1. Looking at region 15-34 only, could you name the residues that are more than 27 Å from Q112 (Cβ to Cβ) and open to solvent by 80 Å² or more (accessible area, probe 1.4 Å)?
2. Just to be sure I understand the filter: pairs with C-beta atoms under 8 Å, separated by 6 or more residues or on different chains, first member in region 112-140 and in contact (Cβ under 8 Å) with a residue 40 or more places away in the chain, second member surrounded by 10 or more Cβ atoms within 10 Å (Cβ to Cβ) and of a type in the set (S, T, Y). Which pairs pass?
3. Are any residues in region 108-139 over 13 Å from the mean Cα position of the chain (by Cα) and open to solvent by less than 90 Å² (accessible area, probe 1.4 Å), and if so, which ones?
4. For region 35-56, indicate whether the set of residues that are assigned to a helix (DSSP H, G or I), open to solvent by less than 80 Å² (accessible area, probe 1.4 Å), farther than 29 Å from N116 by Cβ and among the aromatic types (F, W, Y) is non-empty.
5. Being free of Cβ contacts under 8 Å to residues at least 24 places away in the same chain and either open to solvent by less than 80 Å² (accessible area, probe 1.4 Å) or not in a helix (DSSP H, G or I) (or both) is the filter here, so list the residues in region 86-99 that pass it.
6. Could you tell me whether region 125-140 includes any residue that is in contact with a Leu (Cβ under 6 Å, 6 or more places away or on another chain) and in a helix (DSSP H, G or I)?
7. If I filter region 57-73 for residues that are open to solvent by 60 Å² or more (accessible area, probe 1.4 Å) and among the polar types (S, T, N, Q), do I get at least one hit?
8. Among the residues of region 40-83, count how many are without any contact (Cβ under 8 Å) to a residue 24 or more places away in the chain, closer than 16 Å to L1 by Cβ, polar (S, T, N, Q) and in contact with a helix residue (DSSP H, G or I) (Cβ under 6 Å, 6 or more places away or on another chain).
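The values are calculated or read from the model by the stated rules, or taken from the named source; none is laboratory data. Just so it is clear, the model here is predicted, and its values are computed rather than measured. Don't worry about glycine lacking a Cβ; one is built from the backbone with ideal geometry, like all the others, and counts go over all protein chains shown. Note: areas computed on protein heavy atoms with side chains; ligands, DNA, RNA excluded. Shrake-Rupley method; radii C 1.70, N 1.55, O 1.52, S 1.80 Å.
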Amino acid sequence: LINQSNTLSLTLYKHQSQTDNSKMPEVETQIQQQIAGLKTLTDFYRQHDISSDEDERLTLLAFDNIRKVEEKLPAFLASSRAHQDDVSLALIEGEGGIGGAIRQLIADYQKQLVVNINISESLRATNHKIFTSTLWGMGTGVTATIMLLGFYALVTIRRVRQSLLAIGNIMTVAS
């Protein structure tokens, strides 16, 4: 999502620097496709990958930021089509224009990334604890099982030995 947002910014610069008006509709189509792609990816993330309440809040904030980008797009396109480079550049680079909205979108995506990294670190620590206790439990269980089987084997061997000795005594007495 961060890369797509950066690509959108670059496409805006491409539109702003376009000198051939016949090529602008193609670039505008790319801009619309990139915004639609951001919406699609964010919606997919919201439906399938939300990991916490904070993550969901940041995802909803991303939708709001995308809406702001869409709201600021017509002013940028109008100034860019009119080749008002100062105005269109200010809209891209200023905080109040489309560029500021995209930078805010990127900043919120980066916050969301940090939230998810923190959650994954917490899960990694929990998984390590579970793995360690399971490993020790299994090792202890296997050792106890082997010792118990060894004990039963020794008991069985002693009983068989006693039975064989008893048979030998019976044969000696019978003969």
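1. T19, N21, S22, K23, E26
2. Once the first residue is in contact (Cβ under 8 Å) with a residue 40 or more places away in the chain and sits in region 112-140, its partners that are surrounded by 10 or more Cβ atoms within 10 Å (Cβ to Cβ) and of a type in the set (S, T, Y) give Q112/T59; V115/S51; V115/S52; N116/S51; I119/S51; I119/S52.
3. Scanning region 108-139 gives D108, S122, A125, T126, T132, S133, T134, G137, G139.
4. no
5. So the first thing to find is which residues in region 86-99 are free of Cβ contacts under 8 Å to residues at least 24 places away in the same chain, and the list is 86-87, 90-91, 93-96.
If the condition is that a residue be free of Cβ contacts under 8 Å to residues at least 24 places away in the same chain and either open to solvent by less than 80 Å² (accessible area, probe 1.4 Å) or not in a helix (DSSP H, G or I) (or both), then V87, A90, L91, G94, E95, G96 are the ones that fit.
6. So in region 125-140, the residues in contact with a Leu (Cβ under 6 Å, 6 or more places away or on another chain) come out as none.
No, every residue in region 125-140 fails to be in contact with a Leu (Cβ under 6 Å, 6 or more places away or on another chain) and in a helix (DSSP H, G or I).
7. no
8. 0
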